[in-house]
Amino acid sequence: ELSGPIQLTFAAQEVGTAAYNYAAALQSVMLPELPAGSTIDITTTSPGGVGAPVIVNAGEECDLVMSNAGPAKWSYEKSTSEYEFGGCTEIACLAGGLGQNFINIMFTQKFVDATGYKTFEEVVADKYPVKMVIKKNGSFGEQTAEKVCEALGITFDDIESWGGKVEKTGGDAIKSGLQDDLYDMTIDHIGKGQSNTTELCLTHDMYDVELNEDTRKKLCEMGYTPVTVEAGTWNKQDRDVETVGSQQCLIVDANMDAAVAYTLTKTLYDNLPDVAKAHNKGAEISLEHAADGVTIPFHPGAIKYFKEKGLDIK
């Protein structure tokens, strides 16, 4: 039991992003269950799916952040020499399975018609000078594009050495650039209904690219998990697309007070109908899938709650 009010900071991205809206939904459900006088302030300091680094230094920057499981694993396990955000060992998880996002690769239909390419593997094998547009450095979209290339044994520099281009920019510029056929393709890590991709597919003919089984296997070894993007997810998508993705999870400072971690976990799972009303991803959360995609240790306070519910989560 908490003896008095607590003050927490929840790191999200800028106002209006999916990350901010999801954080606000969780805040709206958690706060009323905390002792009177408690606060959960939302900041815009999170880099998105690569959320773990904002937790370091004993939670100096924030107490809670949503992260994707892949970069949480890389942050926790890798040294800073191997991964830009490595060495974040003082992090723990409260909940997993908070939203199944996935690697989304698209060619413009104009590019497919002009070249005949329907897979990224073919583009790489032929060293075609493809024009790719992706998210900015530090985003999970950019990290994911890098991991896809790594799985195929290439780098962004290799693409540019073939005469191609890898442009890094914001989501709106990616959408407009593809609409205007300034680029041939994009790689991102997003969820169903993501606004820019939804609008892009409604306003421009795009081709949904499927990575081959061997590439997907290599990405799973890196920390992703299999995902099927069902036909109709995007406008004119007429077939299922097999890909991989990284579940979202809620991360805290590993040294967070156990009573606080327990209360936050209990508040989340005991109020799932309210979470679902506050945000559409809430409908994807369940105790049954609390450990889905989790790649770092759970906080002891969360484990206590799961044990009370009869779950063997460690």
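Given the conditions (1) open to solvent by 50 Å² or more (accessible area, probe 1.4 Å); (2) in contact with a helix residue (DSSP H, G or I) (Cβ under 7 Å, 6 or more places away or on another chain); (3) under 27 Å from Ser67 (Cα atoms), report the number of the one that Asp205 does not fulfil.
(3)
Going by what's in this entry, would Ala261 be described as touching a Gly at 6+ places or on another chain (Cβ under 6 Å) and either among the β-branched types (Val, Ile, Thr) or open to solvent by less than 50 Å² (accessible area, probe 1.4 Å) (or both)?
yes
Kindly provide the set of residues from segment 17-36 that are farther than 17 Å from Val275 by Cβ and open to solvent by less than 60 Å² (accessible area, probe 1.4 Å), ordered by number.
If the condition is that a residue be farther than 17 Å from Val275 by Cβ and open to solvent by less than 60 Å² (accessible area, probe 1.4 Å), then Thr17, Pro35 are the ones that fit.
Mind checking which pairs have a first residue in segment 227-239 that is closer than 15 Å to Ser195 by Cα and a second that is surrounded by 17 or more Cβ atoms within 10 Å (Cβ to Cβ), Cβ under 7 Å, 6 or more apart or different chains?
Thr233/Lys192; Trp234/Thr197; Trp234/Cys201; Trp234/Asp208; Asn235/Cys201
All but one of (1) in contact (Cβ under 8 Å) with a residue 24 or more places away in the chain; (2) over 21 Å from the mean Cα position of the chain (by Cα) hold for Val148, so report the exception by its number.
Failed condition: (2).
Do any residues in segment 247-260 that are at positive phi have Cβ atoms under 6 Å from those of residues that are open to solvent by 20 Å² or more (accessible area, probe 1.4 Å) and aromatic (Phe, Trp, Tyr), where the two are at least six apart or on different chains, and which pairs are they?
From segment 247-260, no pairs qualify.
If you take the residues in segment 239-256 that are more than 14 Å from the chain's Cα centre (by Cα) and modelled with pLDDT under 95, which one is nearest to Gly191 (Cα to Cα)?
Among those residues, the one meeting the criterion is Val252.
Select from segment 279-305 the residues that are in contact (Cβ under 8 Å) with a residue 40 or more places away in the chain and of a type in the set (D, E, K, R) and write down the one among them that is surrounded by the fewest Cβ atoms within 10 Å (Cβ to Cβ).
This residue is Lys304.
Which condition breaks for Glu221 when tested against (1) part of a helix (DSSP H, G or I); (2) open to solvent by less than 20 Å² (accessible area, probe 1.4 Å)?
Only one criterion in (1) part of a helix (DSSP H, G or I); (2) open to solvent by less than 20 Å² (accessible area, probe 1.4 Å) is unmet by Glu221, namely (2).
Being in contact with a strand residue (DSSP E or B) (Cβ under 7 Å, 6 or more places away or on another chain) and more than 29 Å from Glu284 (Cβ to Cβ) is the requirement here; does Val124 meet it?
So Val124 fails the test.
Would you say Gly193 is open to solvent by 30 Å² or more (accessible area, probe 1.4 Å) and of a type in the set (Gly, Ala, Ser)?
It is true that Gly193 is open to solvent by 30 Å² or more (accessible area, probe 1.4 Å) and of a type in the set (Gly, Ala, Ser).
Which of (1) open to solvent by 10 Å² or more (accessible area, probe 1.4 Å); (2) in contact with a strand residue (DSSP E or B) (Cβ under 9 Å, 6 or more places away or on another chain) is the odd one out, the single condition Glu308 does not satisfy?
(2)
Could you please give the count of residues in segment 162-184 that are within 24 Å of the chain's Cα centre (by Cα) and free of Cβ contacts under 8 Å to residues at least 60 places away in the same chain?
Here the count works out to 12.
The values are calculated or read from the model by the stated rules, or taken from the named source; none is laboratory data. None of these values were measured; they are calculated from a predicted model. Don't worry about glycine lacking a Cβ; one is built from the backbone with ideal geometry, like all the others, and counts go over all protein chains shown. Only protein heavy atoms, including side chains, enter the accessible area calculation; ligands, DNA and RNA are left aside. Shrake-Rupley method; radii C 1.70, N 1.55, O 1.52, S 1.80 Å.
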